[in-house]
Amino acid sequence: MSDDTSTDDDEVTPKPAGKAKTTRQSEKKWGADVMALGFCVLPSLIFRAQRRLGLNPTQLAVLLQLADFWWDQGRKPFPKKADLADRLALSERQVQRHIADLEKAGFVKRIERKVSRRGKISNEYDLTGLVEKLKTLEPQFREVAEEAKARRKAVAKPGYRPAAKASPTTATT
């Protein structure tokens, strides 16, 4: 009997699952100590579509910081403006302006939070707008990626001949 089993009656008991492969790979890449401090899962499309989305570098940085506070799909992030300002090396007012611009563009929605005895506390941020914008762009980016994959596959085959490029037409008068 192998050491993978642990019962006397020949019933196989699997070993508990270890860390996920992606976590192990991330630890190899970044180091276990770095990864132990936390990580944020983001779709690559947010980076690839930055220009299409019309996001300047600071707006993207603000969105990435908000996403870092978004741990659970059912619970919206609610970082303090002071924490965002500190992370981004901006003033709280600058953060507020960038978030207002992102809200106006439909990427985020600020939701005011209040506590009866303490009054207003940090806003909650709904990132549904960003998610929806990415979902809208995804088919276009997927189509281009699939076309590029098909072209790479075609060019690797023996006998490949590139399509003749259309020459510019000249108008004669």
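When the dipole is taken about the Cα centre of segment 25-131, and only Lys, Arg (+1) and Asp, Glu (-1) are charged at their Cβ, what size is it in debye, to the nearest 20?
Details: 20 positive and 12 negative charges, 75 e Å.
Dipole of segment 25-131, to the nearest 20 debye: 360 debye.
Exceeding 32 Å between C-alpha atoms, which entries from my cross-link table qualify? They are 21/76; 21/114; 76/153.
Values: 21/76 28 Å; 21/114 41 Å; 76/153 42 Å.
Check vs 32 Å cut-off fails for 21/114; 76/153.
Can you tell me which of 32-39, 129-136 comes out highest on packing, and rank the rest after it, using the mean Cβ neighbours within 10 Å? Intermediate results must be reported in sequence, preceding the final value.
Values: 32-39: 10.5, 129-136: 14.9.
Packing proxy ranking, top to bottom: 129-136, 32-39.
To the nearest 0.05, what FRET efficiency results for residue 36 and residue 94 with a Förster distance of 30 Å applied to their C-beta separation?
Between residue 36 and residue 94 the formula returns 0.45.
Laboratory data are not the source of any read-out in this text; all were calculated from the coordinates shown. Every value quoted in this text rests on a predicted model; they were computed, and no experiment measured them. Every residue, glycine among them, receives a Cβ derived from its backbone with ideal geometry; neighbour counts consider all protein chains shown.
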